[in-house]
Amino acid sequence: MSEDFIKDLNEYFCKKYANYGLISSLPSYESLTISMVLQNRNRIEEGEYSANEMRKLSYQPNVEQVLKELKERYVDNNFTFSVRIAPFRMRVKAFFRSKKLPGTLIAEKIRKSGEDPAAMAQMLGVSEEIWKNVLRGYYIPEKVLLFKLALLLGMSQEDHLALMEACDAYYNFEDARDVVVRYLIDYRVFNRDMIDRAFDEFHIRRIL
């Protein structure tokens with residue numbers, strides 16, 4: 001496994017991860033001032049942006065040590081169900097077989113990837129009945145199920161984000177899992193061993 005992959009992932013993570021509460025609690029964390037971050041830049045135009053950005057790991061003087069400590073301390077306590085029940089109005093549309101539903105878009109993107117939408121349940125680790133109701137529009141996939149779908153199918157960033165938006169799901173960069181998955185999607189890393197290595201590197205439960 002190429003260490004360049006982990007190095008790139010680390011750099012991406014340091015620029016994106018936004019859980020300041022955890023970052024600032026790490027032993028090697030150093031407080032920074034806006035003037036230290038801006039240096040010779042325009043302080044008026046960039047001050048507000050930099051006030052937020054300077055909290056990121058990438059600005060730490062000893063970034064490698066701080067990142068190491070974060071990985072050691074990180075606890076993946078995420079839990080979500082695979083799906084949620086669609087709102088009443090959406091279920092009514094589903095009953096009348098409306099095509100303007102998340103399930104329709106999901107099926108379209110799966111076909112685009114060369115797979116049969118009806119045959120995806122086992123790959124995704126959900127029951128046949130639940131998956132049928134997703135495609136029909138009675139259930140809406142939660143974020144982790146959409147992550148699985150994108151990684152298994154090697155989905156383009158554009159298609160993946162379209163599904164996220166349709167299902168009212170959004171990335172939370174205070175969550176290490178979301179940052180890692182976004183890296184994998186952005187850089188089209190769909191090799192299973194590399195995906196597993198990325199999750200293990202940050203002590204995140206594997207989703208595939």
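The values are calculated or read from the model by the stated rules, or taken from the named source; none is laboratory data. Quick caveat, the model's predicted, so the values are computed rather than measured. Quick reminder, even Gly has a Cβ in these numbers, built from the backbone with ideal geometry, and neighbours come from all protein chains shown. Ligands, DNA and RNA are excluded from the accessible area calculation, which covers all protein heavy atoms including side chains. Shrake-Rupley method; radii C 1.70, N 1.55, O 1.52, S 1.80 Å.
Summary table below
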item	result
Protein accessible area in the chain, 1.4 Å probe - carbon and sulfur %	48 percent
Global geometry of the range 53-115, whether rounded, prolate or oblate, following the gyration tensor of its Cα atoms and the 1.5 cut on a/c	prolate
Förster radius 30 Å - calculated FRET efficiency between D116 and D186, Cβ distance, rounded to 0.05	0.65
Residue-span extension gain [N77 to S98] - 0.36 nm each, minus C-alpha spacing	3.8 nm
Heavy-atom accessible area order for R188, R91, largest first, 1.4 Å probe	R188, R91
Folded to 0 to 90 degrees: helix 63-73 orientation relative to the chain principal axis, Cα	50 degrees
Candidates P141, P102, P61: whichever shows maximal mean-square fluctuation once the chain is modelled as a Gaussian network with Cα springs under 10 Å	P61
Residue-averaged [θ]222 nm for the chain, counting only DSSP H segments that reach four residues, each worth -39500 (n - 2.57)	-16500 deg cm²/dmol
Cα gyration tensor category, rounded, prolate or oblate, for the range 108-208 with a/c compared to 1.5	prolate
Degrees between helix 143-153 axis and first principal axis of the chain (Cα, 0 to 90, nearest 10)	80 degrees
Nearest 10 degrees, 0 to 90: helix 102-112 Cα axis against the chain principal axis	80 degrees
Average accessible area per residue (Å²) across the chain - probe 1.4 Å, nucleic acids and ligands excluded	57 Å²
For the chain: rounded, prolate or oblate by the Cα gyration tensor [a/c cutoff 1.5]	prolate
